[in-house]
Amino acid sequence: MISKVKQISVFIENKVGHLAEATDILAKNDINIRALFVYDSKEYAILRLIVDKPFEAVELFRESGKVVRIKDVMVIEPIDEPGMMNKIFHLLASQNINIDYAYPYAKAGAPYMLVLATSDQEKAYQLINNSEYVATK
């Protein structure tokens, strides 16, 4: 399985309680978090989210004064066999496509899934979608 999804990036201060404050905005508005990744530096952090209502979440974050961006990423469900992720990474590397970042994604019934952002999203999507490396459901 492979699909395109909207990812939200929110810039927050790297201080106690700021992650909870950001996710409060979603919880209070019945927006469900499907995946979350935090990249931190000394003073700031980038909160990357996949949610069930991305455009509504973006507006809520902007209304609260946060800097927020939205971009397309892909979610893949590799076939559950040893070395399958390695094959996907080599497939992309063979076409000079860099994986900018990756993080886990949860879905009931799927053994594991991964969010991928690459240097060429469309080409990477086509390569993976046409490969024999992703589960078909």
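Quick notes on this one:
- Selection from the range 10-22 of residues that are out of contact with any Phe, Trp or Tyr (no Cβ under 6 Å at 6 or more places or on another chain) and surrounded by 17 or more Cβ atoms within 10 Å (Cβ to Cβ): 12, 19, 22
- Residue that is farthest from residue 34 (Cα to Cα) [pool: residues in the range 103-125 that are open to solvent by 40 Å² or more (accessible area, probe 1.4 Å) and assigned to a strand (DSSP E or B)]: 104
- Restricting attention to the range 23-47, the residues that are modelled with pLDDT of 90 or more and within 30 Å of residue 84 (Cβ to Cβ) add up to 9.
- Filtered residue count, the range 28-61, keeping only those that are over 19 Å from residue 74 (Cα atoms) and open to solvent by 70 Å² or more (accessible area, probe 1.4 Å): 8
- Every condition in (1) within 14 Å of the chain's Cα centre (by Cα); (2) at pLDDT 95 or above; (3) open to solvent by less than 80 Å² (accessible area, probe 1.4 Å) is met by residue 93 except one, and the failing one is (1).
- Selection count, the range 6-22, where residues are at pLDDT 95 or above and either of a type in the set (Val, Ile, Thr) or in contact with a Leu (Cβ under 6 Å, 6 or more places away or on another chain) (or both): 2
The values are calculated or read from the model by the stated rules, or taken from the named source; none is laboratory data. Bear in mind that the values here come from a model prediction, so they are computed numbers and not experimental data. Cβ atoms come from the backbone with ideal geometry, glycine included; neighbour counts cover every protein chain shown. With ligands, DNA and RNA removed, areas are computed over all heavy atoms of the protein, side chains included. Shrake-Rupley method; radii C 1.70, N 1.55, O 1.52, S 1.80 Å.
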